[in-house]
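Okay, so here's the structure we're looking at.
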Amino acid sequence: MSSTFAFGIAITSARQVLGTALIAPDKSGRLALALGILQDLTYGAAKRWIAGKDMETALAKAKEANAKGLGTILNYLGEDVKDPRIAESHFEEYVSLQRAIAEAGIDGCVSVKLTQFGLGFLDDSVVFEKARQLVEEAEGTGRMLWIDMEGSSVTERTLQIYSKLLERHKNVGVALQAYLRRSEGDLKNLMDIGGKVRLVKGAYREPSDLVFRSRREVTENYIKLMRTLFERGQGFAVATHDSRPIEEAERLHLSSPNTRFEFEMLRGIRDELKLKLARQATGWSTTCPTAKSGIHTR
Ligand SMILES: Cc1cc2nc3c(=O)[nH]c(=O)nc-3n(C[C@H](O)[C@H](O)[C@H](O)COP(=O)(O)OP(=O)(O)OC[C@H]3O[C@@H](n4cnc5c(N)ncnc54)[C@H](O)[C@@H]3O)c2cc1C
């Protein structure tokens, strides 16, 4: 495996994106910024990440983000691993990354793809064990571990592994994709077990019968699922750059100020909006002193 590091939320997008950012209102008014480097990702095309970024660079960027009041999420990029040795090395990279984040005192956590650890190829129990160790490690430093949602061929398994992790650990969240028709049912199930959800629109090419086809329908479903999160969820993430759901989330937040949630965005996209939301988060925490902090802890 290449020894180069790259960090970012793994996305297959029709557009060019430059990284990941996350913003999170919490009691201290801080927002979280996810770091990552993504480039030229197109549906159906081979995914290529900008490489050459090492861990030190990513940590330095995370610190810069923290200084602006933004928290961070970092990825070690890769997916669809079919070699147990590579799966193991991905796992070790994440162990190092989590430790480095903690040692550097960074306000941040990691987000992993389970296919990086061989999901869909190795036995699920092997993948579970790797994820479990990372969740436990994150727990020891008071941090979250997020699990990305990948293509629909692994949705069910990802959710099964997530549910099993959640039985013993509360510091773990999973992404759900609003473009998938099944996500409404999945969200209900996750709310029943106290799951933490990062809501995204979805970034993979999927069979047309599994997804809402138009952008309008996907956005409508996103807002519908987000309302459920505001009704039943805690510690969830609204991960979008789309103004409509973001504005709706702000309204929902005003009517349920004790709900803990965070906005997440890609690095390099809508940076002004992130800072504006960061400033508003301060206002929220001031006006809502009983609100618990966002999911990022330290
Ligand atoms: C933190 C985070 C984690 C994610 N994790 C996952 C995951 O686990 N699984 C998964 O399938 N997907 C994931 N995604 C990707 C997600 O599914 C979408 O593909 C991606 O966020 C784009 O959709 P959107 O919600 O921003 O809305 P869109 O409808 O795509 O965009 C709305 C508007 O936002 C602005 N915008 C969006 N993208 C860009 C851009 N690249 N450059 C400039 N402006 C832009 C534009 O104004 C656009 O009109 C994640 C996204 C984020 C932010």
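Which members of segment 148-202 meet the condition of being of a type in the set (Gly, Ala, Ser) and within 19 Å of CYS109 (Cα to Cα)? I'd like the intermediate steps shown before the answer.
Step one: list which residues in segment 148-202 are of a type in the set (Gly, Ala, Ser), which gives 151-153, 163, 173, 175, 178, 183, 185, 194-195, 202.
Listed by number, the residues that qualify are GLY173, ALA175, GLY195.
Listed here are the residues, each with its yes/no results for (1) away from the ligand (no atom under 14 Å from the Cβ); (2) free of Cβ contacts under 8 Å to residues at least 60 places away in the same chain; (3) among the aromatic types (Phe, Trp, Tyr); (4) not in a loop (DSSP other than H, G, I, E, B).
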| site | (1), (2), (3), (4) |
| --- | --- |
| GLY142 | yes, no, no, no |
| GLU150 | no, no, no, no |
| TYR162 | no, yes, yes, yes |
| GLU184 | yes, yes, no, yes |
| LEU187 | yes, yes, no, yes |
| GLU206 | no, yes, no, no |
| VAL218 | no, yes, no, yes |
| ILE223 | no, yes, no, yes |
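Within segment 92-104, does at least one residue satisfy the condition of being among the acidic types (Asp, Glu), in contact with a Phe, Trp or Tyr (Cβ under 6 Å, 6 or more places away or on another chain) and surrounded by fewer than 23 Cβ atoms within 10 Å (Cβ to Cβ)?
Initially, segment 92-104 is screened for residues among the acidic types (Asp, Glu), giving 92-93, 103.
Now drop any that are not in contact with a Phe, Trp or Tyr (Cβ under 6 Å, 6 or more places away or on another chain), which leaves 93.
Filter again for surrounded by fewer than 23 Cβ atoms within 10 Å (Cβ to Cβ), leaving 93.
Checking segment 92-104: at least one residue is among the acidic types (Asp, Glu), in contact with a Phe, Trp or Tyr (Cβ under 6 Å, 6 or more places away or on another chain) and surrounded by fewer than 23 Cβ atoms within 10 Å (Cβ to Cβ).
Among the candidates ASP123, ASP107, which residue alone is of a type in the set (Asp, Glu) and surrounded by 15 or more Cβ atoms within 10 Å (Cβ to Cβ)? Please lay out each step first, then the result.
Working: ASP123 fails: surrounded by 15 or more Cβ atoms within 10 Å (Cβ to Cβ).
From the options ASP123, ASP107, the qualifying one is ASP107.
Say we look at segment 227-246 and pick out the residues that are farther than 21 Å from THR155 by Cα and within 12 Å of the ligand (Cβ to nearest atom); which of these is surrounded by the fewest Cβ atoms within 10 Å (Cβ to Cβ)?
Step by step, filter segment 227-246, then rank; the result is SER243.
If GLU88 satisfies every condition in (1) touching a His at 6+ places or on another chain (Cβ under 8 Å); (2) at pLDDT 95 or above but one, which is the exception?
Status for GLU88: all satisfied but (1).
Among the residues in segment 185-193, are any of a type in the set (S, T, N, Q) and either under 23 Å from ALA102 (Cβ atoms) or buried (at least 16 other Cβ atoms within 10 Å of the Cβ) (or both)?
No: segment 185-193 contains no residue that is of a type in the set (S, T, N, Q) and either under 23 Å from ALA102 (Cβ atoms) or buried (at least 16 other Cβ atoms within 10 Å of the Cβ) (or both).
Working carefully through the options LYS224, LYS201, find the one that is surrounded by fewer than 18 Cβ atoms within 10 Å (Cβ to Cβ), within 12 Å of TYR179 (Cα to Cα) and in contact with a helix residue (DSSP H, G or I) (Cβ under 8 Å, 6 or more places away or on another chain).
LYS224
The values are calculated or read from the model by the stated rules, or taken from the named source; none is laboratory data. These numbers come from a predicted model, not from an experiment. In this analysis, Cβ positions are derived from the backbone assuming ideal geometry, glycine residues included, and neighbour counts consider all displayed protein chains.
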